[in-house]
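Computed from the coordinates by the stated procedures, all read-outs in this text should not be read as laboratory data. Keep in mind the model is a prediction, meaning the values are calculated, not measured. Positions of Cβ are backbone-derived with ideal geometry, glycine not excepted, and every protein chain shown enters the neighbour counts.
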Amino acid sequence: MHTDLRIDVTLDDYRAFLSFVQTKAKDATSQGSNPILARSLTFFVWMGIGIAFLLLVNNLGGRIHLPSAIGAAVLVFTIVVSMIYWHMKKLQDQMLPQPDGAVLGSHLYQVREDALHIRSSFGATQLTWSGIKSLEETPTHFFLFIDRSVGFILPKRSFAGESQQSIFRSTVTERCGSTRT
């Protein structure tokens, strides 16, 4: 199969890739465990520590107004979670690729018998079929993984239609032997 695909990767495509990788990592770490059970257990352990602290203060002669303690705990929890969220968001935004960089923009993918050739304004890459670890598919994208969290983004809108997507999927699967939808 000799096919040329003009791929335009946008910031939204990159964010979809990040989301996919993060979801895949969460699924891998939670295999064999029950996340609801783990979260419930964590909640009750911290609740027990808080109650033990209140009892200790009360037994040592201090007076704690329970509704005020609960309100303070909720307020502190909200502040800490908000700070963590905004810090992570800022970090993630700083790590986004540049609009005129090597990840975003126009790429030419050439599917050949020997390898997948990728060209952009920054140069060319020849990726042998054995270098592709898996082809992952979502309703809107193909992701060609070359490592656990490193891959190439191919938006499905860049394909001429379902038939070209099907041919691409079967070619990659045939050459690499690994695909997931």
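If the elastic network links every pair of Cα atoms under 10 Å, which of 120, 170, 40 fluctuates the most in the Gaussian network model of the chain?
Checking each option, the largest mean-square fluctuation is seen for 40.
Taking 8 Å as the Cα distance limit and 6 or more residues as the minimum spacing, I'd like the relative contact order of the chain as a percentage. Display every interim value, and only then the final one.
Values: 181 pairs, mean separation 49.8, N = 181.
RCO, the chain: 27 percent.
Between residue 54 and residue 80, what's the calculated FRET efficiency when r is the beta-carbon distance and R0 is 22 Å? Round to 0.05.
Given R0 = 22 Å and the Cβ-Cβ separation, E is 0.65.
Using 7 Å Cα-to-Cβ label points, what is the residue 114/residue 14 separation (nm, one decimal)?
Roughly 3.2 nm, to one decimal.
Between Rg and the Kirkwood Rh of region 33-94, both from Cα atoms, what is the Rg to Rh ratio?
1.13
Step through the residues of region 146-155 one at a time and calculate ³J(HN,Hα) from phi using the Karplus curve (6.51 cos²θ - 1.76 cosθ + 1.60, θ = phi - 60°), rounding each to whole Hz and writing x for Gly and Pro.
Once θ is set to phi - 60°, the couplings for region 146-155 become 10, 7, 4, 9, 10, x, 9, 9, 10, x Hz.
Determine, from the Cβ-Cβ distance of residue 25 and residue 173 and an R0 of 22 Å, the FRET efficiency 1/(1 + (r/R0)^6), rounded to the nearest 0.05.
Numbers: r = 23 Å, r/R0 = 1.06.
So the FRET efficiency works out to roughly 0.40.
Counting Lys and Arg as +1 and Asp and Glu as -1, what is the net charge of the other residues whose Cβ lies under 15 Å from the Cβ of residue 88?
+3
Out of 140, 78, 125, any idea which swings most in a Gaussian network model of the chain, alpha carbons joined below 10 Å?
In the Gaussian network model the winner is 78.
Could you give the C-alpha radius of gyration of the chain expressed as a fraction of 2.2 N^0.38 Å, taking N as the number of residues it contains? All intermediate terms of the calculation are to be shown ahead of the outcome.
Working: Rg = 24.6 Å, N = 181, 2.2 N^0.38 = 15.9 Å.
Expressed relative to 2.2 N^0.38 Å, the Cα Rg reads 1.55.
Projecting each Cα onto the charge dipole of the chain (Lys/Arg +1, Asp/Glu -1 at the beta carbon, about the Cα centre), which of 59, 78, 128 comes out farthest on the positive side?
Final value for the positive-end residue is 59.
With a 10 Å cut-off between alpha carbons and a GNM built on the chain, which of 56, 104, 127 moves the most?
56
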